[in-house]
Each structure stands twice: as C-alpha cells, then as structure tokens.
Amino acid sequence: MKKKRALIFGVTGQDGAYLSKFLLKKKYVVYGVKRRSSIINTKRIDDIYKDINYKSNFTLLYGDLTDASSILNLIKKVNPNEVYNLAAQSHVQVSFEVPEYSADVNGLGTLRILEAIRSLNLEKKVKFYQAGTSEMFGSTKEKFQNEKTTFQPVSPYGVSKCFAHWITKNYRDAYGMFACNGILFNHESPIRGETFVTKKIIQGLIRIKQGKQKKLFLGNLYSKRDWGHAKDYVEAMWKMLQQKKPDDFVIGTGKTFTIKEFVNKASKKLNLNIKWIGKGIKEKAVNIKNKKVIIECRRRYFRPLEVDYLKGNATKAKKILKWAPKILIDNLIDEMIEHEIENSNDQH
Ligand code: NAP
Ligand code: G4F
C-alpha cells in the first residue's frame, strides 16, 4: 500500500516534533516546513535524522506562513494527504508586542494554506488540521469549556486564532473541505519553549537548586491552566483527521491548577521547601532552608489582559475520537524535571 504523505507547518516547534515522530511511527512520509532563521532552529527534530528507521521518510523544506507563494509551491510539490497547520507566533504575551505579525502568521497564514489547497483543486483530497487554542475562550465565565462555549478572546493571539478557526470552518462548509479545528488546552513537555511558564518554572527552580541562578521572576501566580502533555495531544490531532466527517474538538485534561500550585508541586518534587510571604506584586517565595528569597513577581510578566481560568471539557473527543489524556500534571512535571536535570548535567 502507498504510504500516506503528511505536510507539517511548524515542524520545528514542540508539537511539530512530537507529531513528526508520531506519524513516522505510523509509517507516514513526513514533510516538515521550517523557516529561515539566523541560527539553526531544528534542535527538537535533529534526533529524527539520526534515527535509521525514520530519516529516509522525513524531509525538511523551507517555507513561511507569511509567504503565499511558498505555501502554494510546497503543497504542489508534496501533494500531501494530510496537512497539519501548527505554525504560529504562539506566545500570548508577545502577541501584545507584535500584534500585526501575530495576526498575519496565525490568522492570514491559515487562510493562505486553505486557499492554496483550494486553488490547486485539492479541496476534496487533502485533509487539513488547524491548531486552535483554549486562549480563544478568553474571558468566558463558563467553568468547563467545550465546543459550544462562546469565544471571547482577550489577546491579539486569541483573536488571530479565532479568525483561523472560523476561516477553517468556512472552507469546510463552503467547499466541502475535510478541515478540522482542534481546540487544545495548554500542553507542555520537556521540549516546551523556555519562555512558557511551566518550562520557565522548572528550569529556574533547578538552576536555583544547583546554585546557577539566584531568583526566578514570574508574573500572575493566580491564573488557572489545564495542562496536558504534548505527546497525548498530537495523537488527538491525527485522530481528528481519521474520522469519517470533519469536525471540531476540545482537547484537555479536565483539571485546572494555578501557576502557584504548579510552582508548589515542582518545588516539592525537587525537595525545595518554600514558604510564600507578602501579597500582590510583593508576593514572594522563601527557601526555608537558607531563608533566601528565590521567587519574586515582576510587572513585566503580567499581560495587559489575562485569561484567568481555563478547564477543558473533552467529552466529545472521548466519545468520538476515543481519546483520553494518558499523562497528567504530576507525571508531566516529573518528566520535565528529569529531562532538565539530565540536560543541565550535559551542559556543565
Ligand atoms: P511553538 O513551539 O511555538 O512552535 C511554533 C512553530 O511555528 C515553530 O516551528 C515556529 O518556527 C513556527 N513558525 C512561527 N512563525 C512561522 C512563520 N511565519 N512561518 C512558518 N512557521 C512559523 O508552538 P507549539 O507549542 O508547538 O504549538 C503548536 C501550535 O499549536 C501553534 O499554532 C500554537 O499556537 C497552537 N497551540 C499550542 C498550545 C500549547 O499549549 N502548546 C495550545 C493550543 C494551541 P521556529 O521554530 O522557527 O520559531
Ligand atoms: O505558559 P504561558 O505563557 O501560556 P498561555 O499564555 O496560557 O499560552 C499557551 O497556551 C495556549 C493555550 O491556552 C496556547 F494557545 C499558547 O500558544 C501557549 O502555548 O502562560 C500561562 C499562564 C498565564 O496566565 C501567564 O500570565 O502563566 C502566567 N504567567 C505567570 N508568570 C507567566 C509567567 N507566563 C509566562 N509565559 N511567563 C511568566 O513569567
């Protein structure tokens, strides 16, 4: 049987790396789109090239979501069965600093892919996955968010992803395209970007414990997030494209924790005994053993608007996709800590 071809935009990111490995294990031929950067940006996928089982089925190609002609040429060249759009300016706080660029990549970039598929007359052939986000729920007051929860985005990132969501649905309805929106809650892993809060906390606490860093500076300690593992979430993306009908699905664990609770869990696992003192921006954590302040809050890490509360209701995915998260927060933290310690020993 002919192998399926998948084209992944955003292959160099956290999810791109997990999805590539997942699809290669399923015997796909994987084409990944990377963009030009001034330093090598393929660290997360370099191991694929070293793996004798995978390297012959894995190809990297240059492209950029801001460049419609590159997208068209890539789709023409690869002639994929499945296209996964994971590419994005994915940092919420940064989207307040570069709103137009975030809208261009995340919003118009999605439209450029859909339009390329359509103008190549591939709309009945190619299946398309769009990486939507719980950030679209924004300021909703619903306590357990599902596919019917109204979007109320509160960041340029959230707004751009709402455009991507609706244009994906529009191409599905208007042109009969097999196009699915995943609405994924936060998912992390050892290869999570270093400026996202989970990785920042774990990296910071380990460095403090090893005496390589004095303090960790954070922003809002009281927002709540539903954190899963990227490995589980890429499986859900693939499952969406294997259904008879295209549809949209919420993917989350159904559990939610504050940033402070995440810090407490991680420090306990690292045998760092901490005590919280002070309130508001002056709240800080003291290392009980040596009485040193190791965590402080800084205004620069607060956003102009915050998504206070996220908790995902993945009942539909459980029922239709037969998907459920396998890795929950405690095992996720364990894995991130283990990786970080191994990595820091390699470096020093
Ligand atoms: P990530 O690690 O930030 O990866 C983003 C990817 O997009 C990287 O490969 C990046 O390339 C690429 N990219 C950025 N701008 C691009 C452009 N102009 N043209 C082409 N590629 C570009 O994000 P992630 O955590 O893997 O998330 C994957 C997708 O899911 C994103 O769309 C994100 O918004 C969405 N999402 C993530 C989560 C989560 O919790 N992780 C939750 C919901 C939705 P470089 O490596 O060169 O920067
Ligand atoms: O780790 P974060 O930056 O993730 P955020 O904003 O929830 O966005 C992530 O998840 C979305 C899904 O809901 C994705 F769509 C998006 O691409 C990205 O992957 O921040 C989590 C929370 C926020 O409430 C933030 O205010 O942590 C709070 N926080 C507190 N101190 C901090 C910090 N966030 C960061 N990045 N850095 C801090 O120092």
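The values are calculated or read from the model by the stated rules, or taken from the named source; none is laboratory data. This structure is a prediction, so every number in the text was calculated from the model and none was measured. No Cβ is skipped: glycine too gets one built from the backbone with ideal geometry, and neighbour counts run over all protein chains shown. Calculation scope for accessible area: heavy atoms of the full protein, side chains included, ligands and nucleic acids excluded. Shrake-Rupley method; radii C 1.70, N 1.55, O 1.52, S 1.80 Å.
Beyond 12 Å, the tail of the calculated P(r) for region 187-238 holds 69 percent of the Cα pairs. Excluding same-chain neighbours fewer than eight residues apart, the aspartates and glutamates reachable from LYS127 by a Cα-Cα span under 12 Å are GLU82, ASP247.
Relative to the longest principal axis of the C-alpha atoms of the chain, give the angle of the C-alpha long axis of helix 329-347, reported between 0 and 90° and rounded to the nearest 10°. Around 80 degrees separate the two axes. Net length available on complete extension from PHE144 to SER37 is 34.6 nm, with 0.36 nm assigned per residue and the Cα-Cα distance removed. Radius of gyration over Kirkwood radius for the chain, both on Cα atoms: the Rg/Rh ratio is 0.97.
Tell me the relative contact order for region 1-91 as a rounded percent, counting alpha carbon contacts under 8 Å between residues six or more apart. So the answer I get is 40 percent. Over 24 Å apart at the Cα level, from the set LYS76/LYS148; LYS199/LYS318; LYS4/LYS148; LYS143/LYS231; LYS4/LYS245; LYS34/LYS124, are LYS76/LYS148; LYS199/LYS318; LYS4/LYS148; LYS143/LYS231; LYS34/LYS124.
Would you tally the net charge around ALA131, using a Cβ to Cβ cut-off of less than 13 Å, leaving ALA131 out, and scoring K and R as +1, D and E as -1? Walk me through the numbers on the way to the answer.
Numbers: positive: LYS161; negative: ASP15, GLU135, ASP248.
After counting each charged neighbour, the total is -2.
Which percent of the accessible area of region 1-148 is formed by carbon and sulfur heavy atoms (probe 1.4 angstrom)? C and S atoms contribute 53 percent here.
Suppose accessible area is computed on protein heavy atoms with a 1.4 Å probe; arrange SER139, SER344 from highest to lowest. Don't skip to the answer; put the middle values down first.
Details: SER139 45, SER344 15 Å².
Heavy-atom accessible area, descending, gives SER139, SER344.
Each label was represented as a point 7 Å from its Cα along the Cα-to-Cβ direction; for ASN290 and LYS269 these points are 2.3 nm apart. Dimensions of region 34-91 based on its C-alpha atoms, expressed as ranges along the principal axes with the largest first, amount to 34, 29, 19 Å.
Rounded, prolate or oblate, given the Cα gyration tensor of region 97-157, with a/c below 1.5 counting as rounded? It is oblate, given that a/c is not under 1.5 and a/b is not larger than b/c.
Tally the DSSP beta bridges in the chain and give the antiparallel ones as a percent, rounded to 5.
20
Relative to the longest principal axis of the Cα atoms of the chain, helix 109-119 runs at roughly 10 degrees. Calculated accessible area for the chain comes out at 48 Å² per residue, all protein chains present (probe 1.4 Å; ligands, DNA, RNA ignored). Relative to one another, the C-alpha centroids of region 127-163 and region 269-315 are positioned 25 Å apart.
Annotation for region 1-47 versus region 173-197: alpha-carbon center distance of 15 Å. For HIS339 and GLU100, a Förster radius of 45 Å and the Cβ-Cβ distance give a FRET efficiency of 0.80, rounded to the nearest 0.05. Solvent-accessible surface (1.4 Å probe) assigned to LYS143 amounts to roughly 120 Å².
Which whole-number percent gives the relative contact order of the chain, counting Cα pairs below 8 Å spaced six or more residues apart? List each step's numbers first, then the result.
On the way: 669 pairs, mean separation 56.3, N = 348.
Relative contact order comes out at 16 percent.
Just how large is the dipole of the chain about the Cα centre, in debye to the nearest 20, putting +1 at every Lys and Arg Cβ and -1 at every Asp and Glu Cβ? Intermediate values should be presented prior to the final figure.
Working: 64 positive and 35 negative charges, 146 e Å.
For this selection, approximately 700 debye.
Rounded to the nearest 10 degrees, the inclination of helix 230-241 to the longest alpha-carbon principal axis of the chain is 20 degrees. Can you bin region 67-186 into rounded, prolate or oblate? Criterion: square roots of the alpha carbon gyration tensor eigenvalues sorted a ≥ b ≥ c, rounded for a/c under 1.5, prolate for a/b above b/c, oblate for the rest. Here region 67-186 falls in the oblate category.
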